[in-house]
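Read through the structure below, which is laid out as structure tokens, and then see the notes.
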């Protein structure tokens, strides 16, 4: 089992890239860090005092996310995954039974926190990708997504975006300086082709 890390600031094209790769290969599955947000009393209390709490890794069920990835990597038959509803702010758990013939060879871990889990899976990481894009375009993507999927108003989205942008860049210095990281722009078809080529070699 091989792990592909896709990280980047909000709206930088992480989901766009992950979904393109999912359509390109049959043996890929995607785990989103966004699906592992906490919904307990503690995080709700912290959100009253810290406006940027959901842009910090304390806001996700890190151990549960690690458990999910570990189960997939170990090719276990029963996998527990989570989903977070941004409108109701409720988290739900789902049990998936994986048949031997349906087990995936590549797992994509995608999200603003994805690079923060690298140290837990060093031996399984095949590729690390940093999505980059102009700040203005990232904001437009975030605004569109949050209005439709999360029911947020423009002012709230703008405030959240500015905080998340600054936090990501302040906390990802090592990842951005890693010479093994592929820097990707969604408009760069040549770089996308290189990523696909490497994954095809892995599958051969």
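All but one of (1) surrounded by fewer than 21 Cβ atoms within 10 Å (Cβ to Cβ); (2) farther than 30 Å from residue 152 by Cβ hold for residue 3, so report the exception by its number. Going through the list (1) surrounded by fewer than 21 Cβ atoms within 10 Å (Cβ to Cβ); (2) farther than 30 Å from residue 152 by Cβ, residue 3 breaks only (1). With respect to the stated conditions, residue 80 fails to be surrounded by 14 or more Cβ atoms within 10 Å (Cβ to Cβ), in contact with a strand residue (DSSP E or B) (Cβ under 7 Å, 6 or more places away or on another chain) and assigned to a strand (DSSP E or B). When the criteria are applied in full, residue 152 meets the requirement of being crowded, with 18+ Cβ neighbours inside 10 Å, at pLDDT below 90 and either over 16 Å from the mean Cα position of the chain (by Cα) or part of a helix (DSSP H, G or I) (or both). Any residue that is under 28 Å from residue 168 (Cβ atoms), in contact with a strand residue (DSSP E or B) (Cβ under 6 Å, 6 or more places away or on another chain), part of a loop (DSSP other than H, G, I, E, B) and in contact (Cβ under 8 Å) with a residue 60 or more places away in the chain - is there at least one of those in segment 97-104? Checked segment 97-104: at least one residue is under 28 Å from residue 168 (Cβ atoms), in contact with a strand residue (DSSP E or B) (Cβ under 6 Å, 6 or more places away or on another chain), part of a loop (DSSP other than H, G, I, E, B) and in contact (Cβ under 8 Å) with a residue 60 or more places away in the chain.
Which residues, counting only those in segment 122-146, are assigned to a helix (DSSP H, G or I) and more than 20 Å from residue 111 (Cβ to Cβ)? Once the filter is applied, which keeps residues that are assigned to a helix (DSSP H, G or I) and more than 20 Å from residue 111 (Cβ to Cβ), segment 122-146 yields only 136.
Matching residues to (1) at pLDDT below 95; (2) over 18 Å from residue 3 (Cβ atoms); (3) surrounded by 14 or more Cβ atoms within 10 Å (Cβ to Cβ); (4) touching a strand residue (DSSP E or B) at 6+ places or on another chain (Cβ under 6 Å):
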position	(1), (2), (3), (4)
26	yes, no, no, no
53	yes, yes, yes, no
58	yes, yes, no, no
74	yes, no, no, no
106	yes, no, yes, yes
115	no, no, yes, yes
122	yes, no, no, no
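Tallying residues that are assigned to a helix (DSSP H, G or I) and either buried (at least 16 other Cβ atoms within 10 Å of the Cβ) or free of Cβ contacts under 8 Å to residues at least 12 places away in the same chain (or both) within segment 164-193 yields 15.
When restricted to residues that are assigned to a loop (DSSP other than H, G, I, E, B) and over 14 Å from residue 106 (Cα atoms), segment 8-31 contains 6.
Just one residue in the set 142, 116, 152 is more than 27 Å from residue 192 (Cβ to Cβ) and touching a helix residue (DSSP H, G or I) at 6+ places or on another chain (Cβ under 7 Å); that residue is 152. Residues of segment 83-101 that are over 17 Å from the mean Cα position of the chain (by Cα) and surrounded by 12 or more Cβ atoms within 10 Å (Cβ to Cβ): 89, 92, 96, 98.
The values are calculated or read from the model by the stated rules, or taken from the named source; none is laboratory data. Keep in mind that this is a model prediction, so the values were computed, not measured. Ideal geometry is used to build each Cβ from the backbone, glycine not excepted, and the neighbour counts take in all protein chains shown.
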